[in-house]
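Okay, structure first, notes after.
The values are calculated or read from the model by the stated rules, or taken from the named source; none is laboratory data. Computed from a prediction, not measured in an experiment: that's the story for all the values here. Reconstructed Cβ throughout: ideal geometry from the backbone, glycine too, with neighbour counts over all protein chains shown.
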Amino acid sequence: MEIARLVEPPRSDEPHLTKLLDAFSSVIETARQSVLDDRVNVFDQHHVSSFIRGRSYRRPLLVRLQEGTYKRYKAVWGQLLCFVYRRVVDRQGPPLYYLLTNPQSDAVVELVSAMQKRHNNMHVEEGQEDAATNQQQGRIQRTCL
């Protein structure tokens, strides 16, 4: 049961996790819209598809998902991010045997750093977001991806 709590949506006392899921949602929505608007060409879709184990290079990535399927996939990825954040960053839950790769560890450190920097700059008066604040949000999104 302790592990199941790690995938629950963020609580009000978890602002960093809420920001992480917001960044994830923004990245996914932007990527999906780019594909749906044909801003990602079919050759790139084939290339992405070739990285998926067991898929033939002949078919492009399946991107025209039903809305319900898309929402379920996105929800599962959100749960995964909640689990990883709570387990690795907040060190919640029972002891589990896992090992992050060096790139995964680096990404988590970068993500936490970007979110803390963004949080520290949130004290800017409303309406006065500057280029640095937007740059920080972009950094969070890139790292989330």
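Quick notes on this one:
- Leading residue by the ranking (surrounded by the fewest Cβ atoms within 10 Å (Cβ to Cβ)) among those in region 86-145 that are among the hydroxyl-bearing types (Ser, Thr, Tyr) and modelled with pLDDT of 80 or more: Tyr97
- Condition check for Ala23: modelled with pLDDT of 90 or more and either under 16 Å from Leu80 (Cβ atoms) or buried (at least 17 other Cβ atoms within 10 Å of the Cβ) (or both): no
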